[in-house]
Structure formats: C-alpha cells, structure tokens
Amino acid sequence: MRHRTGGRVEAVSAGSRPRSRLHPEAVAVLSERYGIDVGDRRPRHLDTVAGHRFDYVISLCDKVREVFPDFPGQPRRLHWSIPEPATGAGFVRTAQEIEARVHYLLPILTSSQEVPS
C-alpha cells in the first residue's frame, strides 16, 4: 500500500506468530520484482499494533483472523485468504496475489485524494 501510493497511505504489518526475521525469499521477491526494500524490517506481533486506530484492517491468513484483536474506532475489516507462501504457493505467487488485491482496493482507500499509480 505504502509503495503503491508513494507513502500517502500508511500500512503496517503484524502477525499472530511472527518469526525472528523476515523470510529471505520474501525480502528478495519484494526487492527484485517491486523495488521495495524491507531488508531492515523485523516481523511484529499483533500485540504491537493493538490499540492503534485504523480505517481498514486486512487479515491475510485464516488463523490470524481467528485471533485478531479488537481495534478502536471499528475499522472496516477485510479478509484475504492467502496461503502461507513458505509452504504453499510460494513468495512470487503470494506477492502477485496481494498486488492484485491492493490494485482493486486502492481506489476505495484513495477515493478522496489523488494518488499516483
């Protein structure tokens, strides 16, 4: 989201069971295919974002959807059931699927502002 909007839409990521570091293949796919450098980022637990206010909250995993914390302000919740890339479709396919869904969601998120594509 942040990359596609030039930083005009804030996006954060967290999980229910984050690893100690990002998967190297995920870092490589984001860098090589999308020009997104996440090499210095560390996975976060959902607890680190609980209590924050969001307009939209998107879950990508069926397991996470079950343990999602409540967020203040009643954000709109979306669920994108995407297989675990390390054991399923792979990181390229997962990135492509997320990119496609972001493409369709961006006009809704940015309908009140102009954002470069």
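We did not get these values from a lab; they are worked out from the coordinates using the rules stated. The structure presented is a predicted model; accordingly, all values stated were derived computationally and were not measured. Because the Cβ atoms are built from the backbone with ideal geometry, glycine has one as well, and the counts that use them run over all protein chains shown.
Find the relative contact order for the chain and round it to a whole percent, using C-alpha pairs within less than 8 Å whose residues are 6+ positions apart. Intermediate values should be presented prior to the final figure.
Details: 125 pairs, mean separation 29.2, N = 117.
Answer for the chain is 25 percent.
Note on the stretch 87-106 and the stretch 1-73: Cα centroid distance 13 Å, given to the nearest whole angstrom. Annotation: amide H of Ala11 within the under-5 Å range of Arg2, sequence separation 5 or more or interchain, hydrogens built in the peptide plane. A simple spin-label model places pseudo-atoms 7 Å from Cα toward Cβ; at Arg2 and Glu97 they are separated by 2.4 nm. On the basis of the beta-carbon distance and an R0 of 22 Å, Lys63 and Tyr104 show a calculated FRET efficiency of 0.35.
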